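Visitor: If you scroll down you'll find the structure; I have some questions about it.
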Amino acid sequence: VFCVRLFFLLQSEAAETLPNYIGETVHVAGVVVTDPDRRATSLHVNVRVQKVDDTSANGTLLALVPRNAELSYGDHVVVSGTITLPASFETDTGRTFDYAGYLRVQGVSAMMQQANLESTL
């Protein structure tokens, strides 16, 4: 069962085009694929990408939009900002947290911190 899951994870990652846009400031259109997670300063939203700057694209992006944004699972959104790779960080206990690995398990391959919510449909 584990091998089958790993096969499908690697196959879906190979089909992703989102990593091609790392470091670029773009407009991303897609669908909210999980319940948004409201934090102290932002709303974390997993977006299944359909287009990047009007070009078809594939992948899942973690967008950090303003905390007061009203979004729900299934909403179609357009966000803008710079696409980055998730970075590991040191926890309060001094351990390094593999944030990229944590997000990868959820199918997320890139982030957009300080994303601007352009529209919802």
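The values are calculated or read from the model by the stated rules, or taken from the named source; none is laboratory data. Predicted model, so just to flag it, every value in this text is computed and none were measured. Here the Cβ positions follow ideal geometry from the backbone for every residue, glycine too, while neighbour counts run over all protein chains shown. Side chains included, ligands, DNA and RNA excluded: accessible areas come from the protein's heavy atoms. Shrake-Rupley method; radii C 1.70, N 1.55, O 1.52, S 1.80 Å.
Visitor: Can you find even one residue in the stretch 43-63 that is in contact with a Gly (Cβ under 6 Å, 6 or more places away or on another chain) and modelled with pLDDT under 95? Break it down into steps so the answer makes sense when it comes.
Guide: Let us first name the residues in the stretch 43-63 that are in contact with a Gly (Cβ under 6 Å, 6 or more places away or on another chain), namely 47-50, 60.
In the following step, the residues that additionally are modelled with pLDDT under 95 were identified as none.
For the stretch 43-63, residues in contact with a Gly (Cβ under 6 Å, 6 or more places away or on another chain) and modelled with pLDDT under 95: absent.
Visitor: Of the residues Ala63, Ala29, Ala40, only one is over 14 Å from Ala115 (Cα atoms) and of a type in the set (A, V, I, L, M, F, W, C); which? Can you show your working first?
Guide: Working: Ala63 fails: over 14 Å from Ala115 (Cα atoms); Ala29 fails: over 14 Å from Ala115 (Cα atoms).
Unique residue meeting the criteria: Ala40.
Visitor: Would you check if there is a residue in the stretch 65-79 being at pLDDT below 95, part of a strand (DSSP E or B) and surrounded by fewer than 15 Cβ atoms within 10 Å (Cβ to Cβ)?
Guide: no
Visitor: When Asn20 is evaluated against the numbered criteria (1) touching a strand residue (DSSP E or B) at 6+ places or on another chain (Cβ under 9 Å); (2) open to solvent by 60 Å² or more (accessible area, probe 1.4 Å); (3) at pLDDT 95 or above, which criterion, by number, is the only one it fails?
Guide: Unmet condition: (3).
Visitor: Between residues in the stretch 44-67 that are in contact (Cβ under 8 Å) with a residue 24 or more places away in the chain and within 11 Å of Val32 (Cβ to Cβ) and residues that are among the basic types (Lys, Arg) and in a strand (DSSP E or B), which pairs lie under 6 Å by C-beta distance while being six or more apart or on different chains?
Guide: Going by the 6 Å Cβ cut-off, the qualifying pairs are Thr60/Arg48.
Visitor: Now a separate question. Return the residues of the stretch 83-112 that are touching a residue at least 60 places away in the same chain (Cβ under 8 Å), touching a Ser or Thr at 6+ places or on another chain (Cβ under 9 Å) and open to solvent by less than 100 Å² (accessible area, probe 1.4 Å); say none if nothing qualifies.
Guide: Ile83, Gln106, Gly107, Val108, Ser109, Ala110, Met112
Visitor: Anything in the stretch 23-41 that is without any contact (Cβ under 8 Å) to a residue 40 or more places away in the chain and either open to solvent by less than 20 Å² (accessible area, probe 1.4 Å) or in a strand (DSSP E or B) (or both)? List them, or say none.
Guide: Scanning the stretch 23-41 gives Asp37, Arg38.
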